[in-house]
Amino acid sequence: MATLELRNVNKTYGVGLPDTLKNIELQIKDGEFLILVGPSGCGKSTLMNCIAGLESISNGSILIDDADVSGMSPKDRDIAMVFQSYALYPTMTVRQNIEFGLKIRKMSAAAIDEEVTRVAKLLQIEHLLNRKPGQLSGGQQQRVAMGRALARRPKIYLFDEPLSNLDAKLRVEMRTEMKLMHQRLKTTTVYVTHDQIEAMTLGDKVAVMKDGIIQQFGTPKEIYNNPANLFVASFIGSPPMNFIPLRLQRKEGRLFALLDSGQARCELPLGMSDAGLEDREVILGMRPEQIVLAPGEPNGLPTIRAEVQVTEPTGPDTLVFVNLNQSKVCCRLAPDVAPQVGESLTLQFDPAKVMLFDAATGERLGVLGQPQPAGRVGNVTQINRN
């Protein structure tokens, strides 16, 4: 096992071309599972290749166990990598594929046999050892590729979108297997994906990338609950966060956000500093699961009545879409809620969980406000329309 640190890593492919990686700073503890996540072309696979030594960095440094490996060849970094394509030798059996790297390292026959047995048992592929890759399913090939990497017992494992070629059901199963495997081995791991569900479920730490820049680095919980900007907020979460553009207005000396459903209006006072926010274009962000049906008794949280535009039962929940400020807003309700299109619902949300973003820069400004004590509505005003 090992620590991994990237210090001001940059990568460019030529003079005059924009940097593919820009000032990457990361620090991974021994045994942590790091996820590099972002859309296609964001630089995550390039960063993975730089860590592996398959690509050279333009400047900066990469340290493993505090030793600078930036100039080392891939074979000297003690890293094992699993590619998206699996890269198995088609003429070799599963056993021979797993043995290949061990033979290159001139391990004894007894040690190789012991290691193959250990890995095959760990990945439950003992019955496949004498088959060739062409005789295996995609999930089985993925296990063999992992087995070849595991047999080396390197300091760090690198996985480059290893589940992207699998069907949806198998991806879920293999996610669980990878999580269990890491819990058993506790080896430092870097995992590249564009799938934010994989990022949230697998990682101890997540680095969200866009245009070669790390937009936010933290635990999955931190990134989900406290996104640094609009991009992170929109990329992490399924269904994605709702965004409502508006301008803050002043009333009785205080700034407030006005939500309008067409049936009712709701005035939400700003609970944070209002310096420089008057008449500024902002975007309110609300997670779908934070918009719920209002209870029968008032509890101090604001409500708004809105007409159902679309319903999408998913099994574990029901997604209901309404319009607020002429923006489509998704609400994640209980599975037994089955409103009809055109029906009006009284919805409730917590201002302390409503995020405020700058419309020009995308940066998060803070949360809209704080919840009121139970039984009070405070300055939140519900205006019904007849």
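Here are some notes:
- Pairs, first among the aromatic types (Phe, Trp, Tyr) in the stretch 1-30, second buried (at least 16 other Cβ atoms within 10 Å of the Cβ) and part of a loop (DSSP other than H, G, I, E, B), C-beta under 7 Å, six or more apart: Tyr13/Thr20
- The single condition among (1) assigned to a helix (DSSP H, G or I); (2) touching a Lys or Arg at 6+ places or on another chain (Cβ under 7 Å) that Ser61 does not satisfy is (1).
- Residues that are surrounded by 14 or more Cβ atoms within 10 Å (Cβ to Cβ) and either outside any loop (DSSP other than H, G, I, E, B) or at pLDDT 90 or above (or both), drawn from the stretch 367-386: Val367, Thr381, Gln382
- Residue in the stretch 83-96 that is over 26 Å from the mean Cα position of the chain (by Cα), in contact (Cβ under 8 Å) with a residue 60 or more places away in the chain and part of a helix (DSSP H, G or I) present: no
- Pick from the stretch 274-305, criterion under 15 Å from Leu345 (Cα atoms) and among the β-branched types (Val, Ile, Thr), ranking: surrounded by the fewest Cβ atoms within 10 Å (Cβ to Cβ): Val292
- The set of residues in the stretch 153-177 being among the aliphatic types (A, V, I, L, M), farther than 17 Å from Ile28 by Cβ and within 18 Å of the chain's Cα centre (by Cα) consists of Leu163, Ala168, Val172, Met174.
- Test: Phe83 is within 16 Å of Ala151 (Cα to Cα), among the hydrophobic types (A, V, I, L, M, F, W, C), in contact with a Phe, Trp or Tyr (Cβ under 8 Å, 6 or more places away or on another chain) and surrounded by fewer than 17 Cβ atoms within 10 Å (Cβ to Cβ): no
- Some residue of the stretch 298-312 being modelled with pLDDT under 80, more than 19 Å from Asn225 (Cβ to Cβ) and either in the same structural domain as Gln249 (by TED's automatic domain parsing) or of a type in the set (Gly, Ala, Ser) (or both): yes
- Qualifying residue in the stretch 160-172 (condition: under 26 Å from Ile35 (Cα atoms), surrounded by 19 or more Cβ atoms within 10 Å (Cβ to Cβ) and hydroxyl-bearing (Ser, Thr, Tyr)): no
- Condition met for Ile51 (outside any helix (DSSP H, G or I), within 22 Å of the chain's Cα centre (by Cα), under 27 Å from Arg152 (Cα atoms) and at pLDDT 90 or above): no
- Scanning the stretch 274-286 for residues that are in contact (Cβ under 8 Å) with a residue 40 or more places away in the chain and assigned to a loop (DSSP other than H, G, I, E, B) returns Leu277, Arg280.
- The sole residue among Ile125, Ile79 that is among the β-branched types (Val, Ile, Thr), under 28 Å from His194 (Cβ atoms) and under 27 Å from the mean Cα position of the chain (by Cα) is Ile79.
- Look at the stretch 325-336: where a residue is closer than 16 Å to Ala264 by Cβ and a partner is part of a loop (DSSP other than H, G, I, E, B), sitting 6+ places away or on another chain with Cβ atoms under 6 Å, you get Cys331/Ile291.
- Looking only at residues of the stretch 97-127 that are assigned to a loop (DSSP other than H, G, I, E, B) and aliphatic (A, V, I, L, M), we find that the one that is farthest from Thr176 (Cα to Cα) is Met107.
- Restricting Leu185, Leu170, Leu163, Leu150 to residues that are of a type in the set (A, V, I, L, M, F, W, C) and out of contact with any Ser or Thr (no Cβ under 9 Å at 6 or more places or on another chain) narrows the list to Leu185.
- When Glu25 is tested against (1) in a loop (DSSP other than H, G, I, E, B); (2) within 19 Å of Ile156 (Cα to Cα); (3) of a type in the set (Asp, Glu), only condition (1) is not met.
- Residue check, Thr193 under 28 Å from Asp65 (Cα atoms) and not aliphatic (A, V, I, L, M): yes
The values are calculated or read from the model by the stated rules, or taken from the named source; none is laboratory data. This one's a predicted model, so the numbers in the text were calculated from it and none came from an experiment. Here Cβ is always computed from backbone atoms with ideal geometry, including for glycine, and neighbour counts include all displayed protein chains.
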